[in-house]
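So the structure is just underneath, and the comments pick up after that.
Read the figures in this text as sums done on the coordinates, not as results from a lab. Values in this document were obtained by computation on a predicted structure and should not be read as measured data. Here Cβ is always computed from backbone atoms with ideal geometry, including for glycine, and neighbour counts include all displayed protein chains.
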Amino acid sequence: MVIGGIVPLSFQDFPGRPAIVVFTRGCNMRCPWCHNPGLVDPARYVPPVPVEEVLGLLARRRKFVGAVVVSGGEPTLHTDLGGFLQEVRRLGYAVKLDTNGTFPEVLEELLATKLIDAVAVDFKLPLERYGELGWAGKPGLVAQSLRTALAVPRGVVRTTVVPGVHTAEVLGKMEVQLRQAGFGGGTKWVLQPFRAGSCLDERWASAACQ
């Protein structure tokens, strides 16, 4: 597994407890507003962090931090993700996975084998528009992951609301699709603000995107 970065302490990424956040490198989407271009664009890749170094940090911090969040990039692209999570589990951590939902079978396997305790699936646009994000897969795969996240106790769906993109009409279409996937309202769908700054497409680096 290729790890592109680590946040040694976060109070926001795992529900109810402090966490260490591990970012994998590589993604199968090209969302122009992505704020982690060094994890997505091969021409801008950040240097990898050795897995052994990350596991060593986790071993040293386990008395003080109770959870690990694996984000990206897209973690489920990595075929050795399960093996890494087994090592994290062996160290006694609770685990949360952040994913774009394009590999629902990986998500379901990790839940079935109890390698993750919580999941957040990013719902980026109405399903029929996912081709605009540089992904050629079937929208039904993401829909399957949305259903899974909505069905598990510690699962959420997240949408980054980008100015000029996520209009009321677009969000309305997304809500209809979420309700078809089992969304009944409440906190299972998290709307988070777009963060201006370094973006995959530099034209999106301003909060005044149109």
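Numbers below:
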quantity	calculated
Percent of beta bridges antiparallel (DSSP, the chain, rounded to nearest 5)	20 percent
Burial ordering of Thr159, Thr24, fewest other beta-carbon atoms within 10 Å first	Thr159, Thr24
J(HN,Hα) series, segment 64-79, from Karplus relation 6.51 cos²θ - 1.76 cosθ + 1.60, nearest Hz, glycine and proline x	10, 10, x, 9, 10, 10, 9, 10, x, x, 10, x, 6, 5, 8, 5
Which of Val40, Val21, Val161 has the fewest Cβ neighbours within 10 Å, and the rest in rising order	Val161, Val21, Val40
Residue of Val157, Val119, Val54 that the Gaussian network model of the chain assigns the largest fluctuation, springs spanning Cα pairs under 10 Å	Val54
Prolate/oblate/rounded call for segment 86-210, Cα gyration tensor, a/c under 1.5 rounded	prolate
Interchain or long-range residues, amide H under 5 Å from Phe194's placed H	Val161
Listed peptides 141-147, 130-136 by packing density, highest first (mean Cβ within 10 Å)	141-147, 130-136
Set of aspartates and glutamates near Lys96 by C-alpha distance (under 13 Å), chain-local residues within fewer than 8 positions excluded	Asp13, Asp117
Mean-position separation - Cα centroids, segment 144-210 and segment 56-92, in angstrom	26 Å
nm² value of the averaged projected area, convex hull over the Cα atoms of the chain	11.1 nm²
